[in-house]
Amino acid sequence: MPNRPYSPRIVGPVWPTTSPESWSETADAIQQKSADLAANAAAIRRAVDELGGSNTGQTIDAMCERSYRLAQTIINQSDMYADVSKAVKETAELIWHARGRLEEIDRKAHEEIERLKQQLQALAGSPLGAGAAMAAIFGGGGG
């Protein structure tokens, strides 16, 4: 969160407390799991190809068929982990974006507060006095 004087009041209640870095690291870990699963499925397929290439018979055919189905199940899991990784990565990006937008809002608010303070100080030293200066700045004058 920004550390300007009024930041806790301006953006404090809505500042994301979840770390986008944590989300990004989680996305990377999930993506690595996806890659590991894909590599495992490829290893199973290579082993089955070798087994089926050097052996024949119904038992070998059944073993190969079952192993190819297992490899496909692992690929499906890998694809699911890849999709989850993308969603988690997008969450991290949304948090970064929200923080950036809130930082900009906070910066502009502090600039406006400073401008108003300077205007108040200038008017307070005038013949109008502090009360009239406040009314002039905030439109509280009678009318």
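Assorted remarks:
- Evaluated against (1) outside any helix (DSSP H, G or I); (2) polar (S, T, N, Q); (3) within 30 Å of residue 106 (Cβ to Cβ), residue 56 falls short on exactly one condition, (3).
- Figure legend. Inter-residue proximity from region 21-34: first residues touching a residue at least 40 places away in the same chain (Cβ under 8 Å) and among the aromatic types (Phe, Trp, Tyr), second residues assigned to a helix (DSSP H, G or I) and open to solvent by less than 80 Å² (accessible area, probe 1.4 Å), beta-carbon distance below 9 Å, spacing 6+ or different chains. Indicated pairs: 23/88; 23/89; 23/91; 23/92; 23/95.
Residues checked against (1) out of contact with any strand residue (DSSP E or B) (no Cβ under 7 Å at 6 or more places or on another chain); (2) of a type outside the set (Phe, Trp, Tyr); (3) surrounded by fewer than 14 Cβ atoms within 10 Å (Cβ to Cβ); (4) under 20 Å from residue 12 (Cα atoms):
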{"position": "53", "(1), (2), (3), (4)": "yes, yes, yes, no"}
{"position": "65", "(1), (2), (3), (4)": "yes, yes, yes, no"}
{"position": "77", "(1), (2), (3), (4)": "yes, yes, no, no"}
{"position": "89", "(1), (2), (3), (4)": "yes, yes, no, no"}
{"position": "101", "(1), (2), (3), (4)": "yes, yes, yes, yes"}
{"position": "110", "(1), (2), (3), (4)": "yes, yes, no, yes"}
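- Any hit, region 48-59, residues being out of contact with any Pro (no Cβ under 9 Å at 6 or more places or on another chain) and at positive phi: yes
The values are calculated or read from the model by the stated rules, or taken from the named source; none is laboratory data. Only a predicted model underlies this, so the values are computations on that prediction, with no experimental measurement involved. Glycine gets a Cβ as well: all are built from the backbone with ideal geometry, and neighbour counts include every protein chain shown. Please note that ligands, DNA and RNA were not included when accessible areas were found on the heavy atoms of the full protein model with its side chains. Shrake-Rupley method; radii C 1.70, N 1.55, O 1.52, S 1.80 Å.
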